[in-house]
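This report refers to the structure that appears directly beneath it.
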Amino acid sequence: MNADMIETTVESLKRNNFNVYLADSPLEAREAVLTEILPNITPGLISYGDSMTLRDTGLLDAMRAMAGTGGWSFLDTFQPGVPREEILERRRKALLSDLFFTGTNALTTDGQLVNLDMIGNRVGGIVWGPRNVVLTIGTNKIVDGLDGAMKRIREKAGPENAKRHGCRTPCVKTGTCMDCKSPDRICNVWTITEKSWPAGRISVVLIRGSYGL
């Protein structure tokens with residue numbers, strides 16, 4: 001990723017009222033959250049939306065370890081072995097969390113977050129509900145403009161996430177969005193986040209390198 005492109009994106013995010021942290025690795029991103037972001041947040045409920053980049057940082061394990069200490073509790077919305085209805089209920093409760101972690105599908109050089117979601121819990125947490133949001137994002141997600149963001153999602157993030165989740169959708173075979181009618185379709189809710197409101201509610205931890213889909 002071009003260094004000028006990263007710098008432009010960081011400055012755009014700041015103008016759009018996002019808190020921005022630039023890290024050289026997932027481990028450095030984890031430390032930024034634990035030492036710079038977390039101390040400024042009043043303890044309460046922590047939860048998250050699906051993100052491969054987030055998992056790479058080790059933050060979820062750190063949050064689980066914090067549960068029950070210092071006033072923090074952790075709501076796991078992807079816990080294996082839990083019935084689907086209970087998982088969906090947890091995802092509803094996560095919208096009232098004090099700290100919500102996830103990632104993004106694309107990030108424009110104008111500082112816009114662009115996402116496409118299946119049931120809406122991930123994008124719901126970004127746009128409304130949780131008091132504080134932290135997004136871990138690889139610089140491979142940076143694109144020029146909204147058209148570039150949607151192209152990236154339709155031709156990479158969407159098909160590869162459908163494959164990762166074992167969906168039986170046409171894009172798994174073709175490698176590009178087919179605007180399908182499949183019951184397994186994961187592309188249902190588009191969101192474009194132009195600015196953080198209130199200012200500073202959303203923190204973006206940008207990680208140099210290719211992480212996530």
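How many residues does the range 116-152 contain that are farther than 17 Å from Leu59 by Cβ and touching a Lys or Arg at 6+ places or on another chain (Cβ under 7 Å)?
Looking only at that region, the number is 3.
Name the one entry in Lys181, Lys173 that is without any contact (Cβ under 8 Å) to a residue 60 or more places away in the chain, surrounded by fewer than 16 Cβ atoms within 10 Å (Cβ to Cβ) and not in a loop (DSSP other than H, G, I, E, B). Full working, then the answer.
Values: Lys181 fails: not in a loop (DSSP other than H, G, I, E, B).
Every option except Lys173 fails the conditions.
Would it be correct to say that Leu22 is surrounded by fewer than 20 Cβ atoms within 10 Å (Cβ to Cβ) and either at positive phi or part of a strand (DSSP E or B) (or both)?
Working: surrounded by fewer than 20 Cβ atoms within 10 Å (Cβ to Cβ): yes; either at positive phi or part of a strand (DSSP E or B) (or both): yes.
Taking the combined requirement at face value, the residue satisfies it.
Taken over the range 72-92, the criterion of being surrounded by fewer than 16 Cβ atoms within 10 Å (Cβ to Cβ), of a type in the set (A, V, I, L, M, F, W, C) and not in a helix (DSSP H, G or I) is satisfied by Phe78, Val82.
Do you know which residues across the range 51-71 are assigned to a loop (DSSP other than H, G, I, E, B) and modelled with pLDDT of 95 or more? Let's see the steps before the verdict.
Applying the first criterion (assigned to a loop (DSSP other than H, G, I, E, B)) to the range 51-71 yields 51, 58, 67-71.
Of everything in the range 51-71, those that are assigned to a loop (DSSP other than H, G, I, E, B) and modelled with pLDDT of 95 or more turn out to be Ser51, Gly58.
Do the conditions hold for Thr42, that is, is it among the polar types (S, T, N, Q) and loosely packed, with under 14 Cβ neighbours inside 10 Å? Spelling it out, Thr42 is indeed among the polar types (S, T, N, Q) and loosely packed, with under 14 Cβ neighbours inside 10 Å.
Of Gly166, Gly148, which residue is over 30 Å from Pro43 (Cβ atoms) and either in contact with a Phe, Trp or Tyr (Cβ under 6 Å, 6 or more places away or on another chain) or exposed (fewer than 15 other Cβ atoms within 10 Å of the Cβ) (or both)? Quick ask: steps written out before the conclusion?
Working: Gly148 fails: either in contact with a Phe, Trp or Tyr (Cβ under 6 Å, 6 or more places away or on another chain) or exposed (fewer than 15 other Cβ atoms within 10 Å of the Cβ) (or both).
So the residue among Gly166, Gly148 that is over 30 Å from Pro43 (Cβ atoms) and either in contact with a Phe, Trp or Tyr (Cβ under 6 Å, 6 or more places away or on another chain) or exposed (fewer than 15 other Cβ atoms within 10 Å of the Cβ) (or both) is Gly166.
Which of the following residues is among the acidic types (Asp, Glu) and closer than 21 Å to Leu88 by Cβ: Asp147, Asp184? Give the steps one after another, and end with the answer.
Numbers: Asp147 fails: closer than 21 Å to Leu88 by Cβ.
Among Asp147, Asp184, only Asp184 is among the acidic types (Asp, Glu) and closer than 21 Å to Leu88 by Cβ.
The values are calculated or read from the model by the stated rules, or taken from the named source; none is laboratory data. Just so it is clear, the structure is predicted and the values come from calculations on it, not from any experiment. Positions of Cβ are generated from backbone atoms using ideal geometry, with glycine treated the same way; all protein chains shown enter the neighbour counts.
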